[in-house]
1. Just a yes or no: is a residue in the stretch 40-48 within 12 Å of the chain's Cα centre (by Cα) and open to solvent by less than 10 Å² (accessible area, probe 1.4 Å)?
2. Name the single residue, out of those in the stretch 81-98 being out of contact with any Phe, Trp or Tyr (no Cβ under 6 Å at 6 or more places or on another chain) and among the β-branched types (Val, Ile, Thr), that is surrounded by the most Cβ atoms within 10 Å (Cβ to Cβ).
3. Looking at the stretch 1-23, which of its residues are at pLDDT 80 or above and either over 19 Å from residue 80 (Cα atoms) or among the basic types (Lys, Arg) (or both)?
4. Go through the stretch 24-63 and give me each residue that's small (Gly, Ala, Ser) and closer than 15 Å to residue 98 by Cα.
5. Go through (1) at pLDDT 95 or above; (2) open to solvent by less than 60 Å² (accessible area, probe 1.4 Å) and name the single condition residue 33 misses.
6. Only residues that are modelled with pLDDT under 95 and of a type in the set (S, T, N, Q): list them for the stretch 44-68, please.
7. Return the residues of the stretch 55-70 that are more than 13 Å from residue 14 (Cα to Cα) and open to solvent by less than 40 Å² (accessible area, probe 1.4 Å); say none if nothing qualifies.
8. Counting only residues that are over 22 Å from residue 31 (Cα atoms) and charged (D, E, K, R), how many does the stretch 57-98 have?
Amino acid sequence: MPGADQVSAFDALSLAGELQGALLMSYIDGVCKAVGVSAANVVRAQYFLSNIRDFAGIAAAWQDRYGRQPHPFACVQVPDPMPASGAVAIGDFWIYAG
């Protein structure tokens, strides 16, 4: 996971959420590019977080990448541990490709 060794030092800044959110958004961009649409076609972004406070970092990553484009999100806190070691977020995205 990105930044896994530095996350605890920057917990108050939601570093884990921001770094992992940026990674998730790079996946969104890849899928959108593959089907020939822009990220404006994301109609739902659902996040499963081990700590709901990490959503602040995910929201910052969205704004860094997409600016003022609306963030159609739902966010759910789930129990630890996540399936991947060091993960704080799992994302599920719906992209309209029509």
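1. The answer is yes; a qualifying residue exists.
2. Filtering the stretch 81-98 for residues out of contact with any Phe, Trp or Tyr (no Cβ under 6 Å at 6 or more places or on another chain) gives 81-88, 92-98.
Filter once more, so that each one left must be among the β-branched types (Val, Ile, Thr): 88, 95.
Numbers: 88: 27, 95: 18.
Step by step, filter the stretch 81-98, then rank; the result is 88.
3. 22, 23
4. Result: 34, 36, 38, 39, 40.
5. (2)
6. Of everything in the stretch 44-68, those that are modelled with pLDDT under 95 and of a type in the set (S, T, N, Q) turn out to be 50, 51.
7. 62, 66, 67 - these are the residues of the stretch 55-70 that are more than 13 Å from residue 14 (Cα to Cα) and open to solvent by less than 40 Å² (accessible area, probe 1.4 Å).
8. So the answer is 1.
The values are calculated or read from the model by the stated rules, or taken from the named source; none is laboratory data. Small disclaimer: the values here were computed from a predicted structure and weren't measured. Cβ atoms come from the backbone with ideal geometry, glycine included; neighbour counts cover every protein chain shown. Surface areas here come from the heavy atoms of the whole protein model, side chains and all, with no ligands, DNA or RNA. Shrake-Rupley method; radii C 1.70, N 1.55, O 1.52, S 1.80 Å.
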